[in-house]
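In what follows, a structure is listed as structure tokens, so that the remarks can point back to it.
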Amino acid sequence: MNRKNMPLLLMLVAGAVTCVITFINDFPMLERLVTLLIVLLVFYFLGSLMKWALDYFDQQNQEKSMEEGEVVEKDTDVEVEDVEKPESEE
């Protein structure tokens, strides 16, 4: 999955929500801008942290599936041989 733009999208959505809320509550312009800057920085950091965590979990899952995949291949070879032997005996 492509998570390259996740921090940016999260930041922009949070910024849009912040703009709407500050506009509805009639904040002064300087307060709006300071609030928007803080929200953008915080949510970009949170998005980057979330992206890193998801990429780390995916990497662990891929390593685990690679290890289990090798074991499954060996087990399937044995099962196929066991199934073929009774058929050839009959």
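Quick rundown of the values:
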| item | result |
| --- | --- |
| Of residues in the range 13-27 being among the aliphatic types (A, V, I, L, M) and either out of contact with any Leu (no Cβ under 8 Å at 6 or more places or on another chain) or modelled with pLDDT under 95 (or both), the one farthest from Leu40 (Cα to Cα) | Ile24 |
| Pairs with Cβ under 8 Å, 6+ apart, first in the range 5-33 and without any contact (Cβ under 8 Å) to a residue 40 or more places away in the chain, second basic (Lys, Arg) and assigned to a helix (DSSP H, G or I) | Cys19/Arg32; Thr22/Arg32; Phe23/Arg32 |
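The values are calculated or read from the model by the stated rules, or taken from the named source; none is laboratory data. Computed from a predicted model, the values in this text were never measured in an experiment. Note that each Cβ is placed from the backbone with ideal geometry, even for glycine, and that neighbours are counted across all protein chains shown.
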